[in-house]
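Just so you know, all these numbers are worked out from the coordinates, no wet-lab data involved. Worth saying up front: this structure is predicted, and the values here are computed from it rather than measured. In this analysis, Cβ positions are derived from the backbone assuming ideal geometry, glycine residues included, and neighbour counts consider all displayed protein chains.
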Amino acid sequence: MKLYVKATSSYRSDLEEISIKESLKKQYKVDVRRKDDFIHAGLLGALRLRDKCEIQRDDALYLTSGFGNINILAKMNEYILEQGEYIKLFDFINMLGNTTSFYVASELGIKAKSIFQISDNFTYFHTLITIYASLQREKKEVVLGSLDIASLDNEIIKRVAGIEENQEVLSSVNYQKLSLDAENALASIEFDTNFYTLEQVEEVLLENRKRVYCSVRCEAFGCEKESFYFETEASYIINRAIERGESLLYIDFYDNRYKILRVESM
Amino acid sequence: MKAFINEYASLSCAGDTEALMEAIYSKKSAISIDTSFMSDTPVGLGKMEYEDFFESLKSVVKRVLENSNLENFHKTLLIVGSSVGGMAESETHYFKDKNYKSIDPSRHAISVISDTLQDAFNFYDTRAISTACTSSANAFLLAKRLIAVGAYENVLVVGADALCYTTVCGFYALSVLSSKACTPFQEGREGMNVAEAIAAVLVQNEQQSDSIELCGVGASSDAYHMTNPDPEAGGAMSSMQNALDDAGLSAKEIDYVNAHGTGTQANDKVEGFGVETLFDNVYVSSTKAITGHTLGAAGALEAIISCEVIKQGLIPPQTNCKDLENSAINIPFESVKKDVNYVLSNSFAFGGNNTSVIFGGLK
């Protein structure tokens, strides 16, 4: 399975000392009221992507996240428990998975389908497979946003994701415009539905001539990896490789299974 | 490659699939009036009977496995559609301990339903989709596309949502709850009933003797308003038309539309207008008068209802409706016996997230 990347945008919280909310207001003239940090981050990434490419109304929108908007859940339960109040209207709305995709679709003028997909790890890989299958039928292009924000409950995130307690958790938003068409593409991403064993990955590595990156969960192979964690890290690594004109092989690991994807910059 | 629905099972406030269809055809709503979530505000809710939601979930999925041609789910993709996942359990812990420390992280996330089923059945792979009330309808979209490209041979679509404070109080905050059983398409209707359900549907690339074909799926975004649909029904019609195009059918070939029909003012008005515009006198009714709105589970539960309508050749009557708001749509007040070849089922969600699924009988 192969998808072509037509444009990218990235935000990583430790690399940019900006207020996302202020950027949305000043740079993009977005009404930031009634939206929370998760939605603001999703909008920033989307609008940065729009700066780099044309987005059509019949492009589909996919958003994916490791854990979704956890902060809003904590906030809502506090209302009920500590303040004895019913849930506030916009907190309830902002909690729903497709609220972020609604605001993003509205800003980008997208009228085709929008999907918010969360997987049990490998969420970015799984969304690529879904997009590939959908594009085979629909022949349009897709905007994919991968969205994770550091949360009040990072300790829960670490336990769920199998991450060391001292691991730094970052916020990051990475968008890609994806297509089946190679024309004017910046890079290709190749992937499959297989899960790999340790031995199978070792075989792949023997034949590989590309730079290799691993996710922070991946202990084997002694490959390059980042010091930070967010569940959709693969999307950031890909965007950075494309920006640098690099090709690479990326390995993720969870629950004794590996996933592999290959990026070829053009 | 075509996709076929070969097995299914469900549990809702109306009971299992057999009891549910009996309730639909005999127009017996399973909605109860409840004050356990908001003591001073009685609301109609669709409450299931269970000791542990997750045990019921496993039991429904086990039933599908036992009745299927599979020995296990080890080569099956699981796609779960849920709007709130493990919220009910997280709420219980939080209310008891006043903090999150005792929450089992594996039962906290939105993907808790797929986690639970993965632990119990060891699926090849899992996905969780959360697009509110279109969640499990969108799971069919993914299932059909993934089977079409040969990525998977077997996909189990599960729609599941349990009642919790977040959804009951959240919809109350939106002022769309009904204090009685909902009355879809009725003039002067009061609102919707939040409900819970579990529905599991096995979609495969192989046809069996009693298969129902998953003929087409269409989706669209209104991108109009966060909670209100596009009043011109642009998104709703686009979703239905996309499903027809995907199935290679014309509107006149559809025998029955299982409406989203929540009983809210905005939804039923717009959906009725969309059906009126796109179809020529097709039968349409909402089974949410029986089950309530099962949120993320609705797409899968109503897929099962659609399959049963085709198998039984009996169009469901509209329960709890005496005076139609829109007399231009063909709502049957009693069951209609007829050959049913194709059923279109609508699921519409907040943010104008629309999905329509078409099911077909095999001759």
How far apart, in nanometres, would the label points at B:D119 and B:K2 be if each is projected 7 angstrom from Cα along the Cα-to-Cβ direction? 4.0
Taking amide H atoms as placed 1.01 Å from N in the peptide plane, list the residues 5 or more away in sequence, or in a different chain, whose amide H sits under 5 Å from that of B:D161. B:A197, B:A297
If you plug each phi of the stretch B:70-78 into the Karplus form 6.51 cos²θ - 1.76 cosθ + 1.60 with θ = phi - 60°, what whole-Hz ³J(HN,Hα) values come out, in order, with x for Gly and Pro? 9, 7, 7, 9, 5, 10, 10, 8, 9
For B:K47, counting only aspartates and glutamates whose alpha-carbon sits under 12 Å away and dropping same-chain residues fewer than eight positions off, the answer is B:D34, B:D161, B:E196
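By how many nm would the segment from B:T35 to B:H74 lengthen if fully extended, with 0.36 nm per residue of separation less the alpha-carbon distance? Before the final figure, lay out each step's value.
Working: separation 39, 0.36 × 39 = 14.04 nm, distance 4.28 nm.
The B:T35-B:H74 span can extend by a further 9.8 nm.
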Return the sequence-ordered ³J(HN,Hα) values of the stretch B:150-165 in whole Hz as given by the Karplus equation 6.51 cos²θ - 1.76 cosθ + 1.60 applied to θ = phi - 60°, using x for Gly and Pro. x, 5, 9, 9, 10, 10, 9, 8, 10, x, 8, 8, 9, 5, 7, 4
Unpaired by the 4.7 Å Cβ criterion, cysteines found in the protein assembly as shown: A:C53, B:C13, B:C133, B:C164, B:C169, B:C182, B:C215, B:C307, B:C321
Hits among lysines - C-alpha to C-alpha of A:K210 under 25 Å, sequence gap 8 or more where chains match: A:K2, A:K6, A:K177, A:K225, A:K259
What percent antiparallel are the DSSP beta bridges of the stretch A:188-265, to the nearest 5? 65
Projected area averaged over orientations for chain B, convex hull of C-alpha atoms, nm²: 16.5
Take A:E17 and A:K210, extend 7 Å from each Cα along the Cα→Cβ direction, and tell me the distance between the two endpoints in nm. 3.6
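If you count, for every residue in B:162-169, the Cβ atoms of partner chains within 10 Å of its Cβ, what is the mean?
On the way: counts 0, 0, 0, 7, 10, 4, 2, 8.
Per residue, the average neighbour count from other chains is 4.
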Extend 7 Å from the Cα of A:E190 along its Cα-to-C-beta direction; within the stretch A:1-28, residues with backbone N under 19 Å of that point are A:1-6
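Please give the contour-minus-distance gain from A:N256 to A:D181: 0.36 nm per residue of separation, less the Cα-Cα distance, rounded to one decimal in nm. Mind showing how you got there, number by number?
Working: separation 75, 0.36 × 75 = 27.00 nm, distance 3.44 nm.
Gain on extension, A:N256 to A:D181, equals 23.6 nm.
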Computed label-point distance, nm, for sites B:E66 and A:K88 using a 7 Å Cα→Cβ extension: 4.9
I want the antiparallel fraction of DSSP beta bridges within the protein assembly as shown, as a percent rounded to 5. 65
Note to self: C-alpha centroids of the stretch B:284-362 and the stretch A:189-266 sit apart, in Å, by 45
What is the extension gain from A:L198 to A:K26, computed as 0.36 nm multiplied by their sequence separation minus the C-alpha to C-alpha distance, in nm to one decimal? 57.0 nm
Please find the FRET efficiency linking B:K180 to B:A148, where r is the Cβ-Cβ separation and R0 is fixed at 41 Å, and quote it to the nearest 0.05. 0.40
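Per-residue counts of other Cβ atoms within 10 Å, averaged by peptide: what ranking do you get for A:220-231, B:213-224, highest first?
On the way: A:220-231: 17.4, B:213-224: 25.0.
Ranking the peptides A:220-231, B:213-224 by packing returns B:213-224, A:220-231.
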Restricting attention to the stretch B:265-349, which GluC sites (Glu not before Pro) occupy a DSSP loop and are surrounded by at most 14 other Cβ atoms within 10 Å? B:E334
Springs between alpha-carbon pairs under 10 angstrom, Gaussian network model over chain A: which of A:K21, A:K158, A:K75 fluctuates most? A:K75
Give the order of B:L117, A:L96, A:L198 when sorted by the count of other beta carbons within 10 angstrom, beginning with the fewest. A:L198, B:L117, A:L96
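For peptide B:232-239, how many partner chain Cβ atoms fall within 10 Å of a residue's Cβ, on average?
Details: counts 0, 0, 1, 1, 0, 0, 4, 1.
Mean partner shielding for this stretch: 1.
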Give the aspartates and glutamates whose C-alpha is closer than 12 Å to that of B:K144, dropping any in the same chain fewer than 8 places away, or say none. B:E153, B:E213, B:D246
With the Cα gyration tensor of the stretch B:230-346 giving a ≥ b ≥ c as the square roots of its eigenvalues, does the rule (a/c under 1.5 for rounded; else a/b larger than b/c for prolate; else oblate) give rounded, prolate or oblate? rounded
May I ask you to evaluate 6.51 cos²θ - 1.76 cosθ + 1.60, the Karplus curve with θ = phi - 60°, for each residue of the stretch A:249-266 and list the ³J(HN,Hα) values in order in whole Hz, giving x for glycine and proline? 10, 10, 10, 10, 9, 6, 6, 6, 10, 10, 10, 10, 9, 10, 10, 10, 6, 10
Residue among B:A23, B:L202, B:G216 farthest towards the positive dipole end of the protein assembly as shown, charges placed on Cβ: B:G216
Antiparallel DSSP bridges in chain A: what percent, to the nearest 5? 65
Shielding by partners - mean other protein chain Cβ count within 10 Å, residues of A:131-137: 6
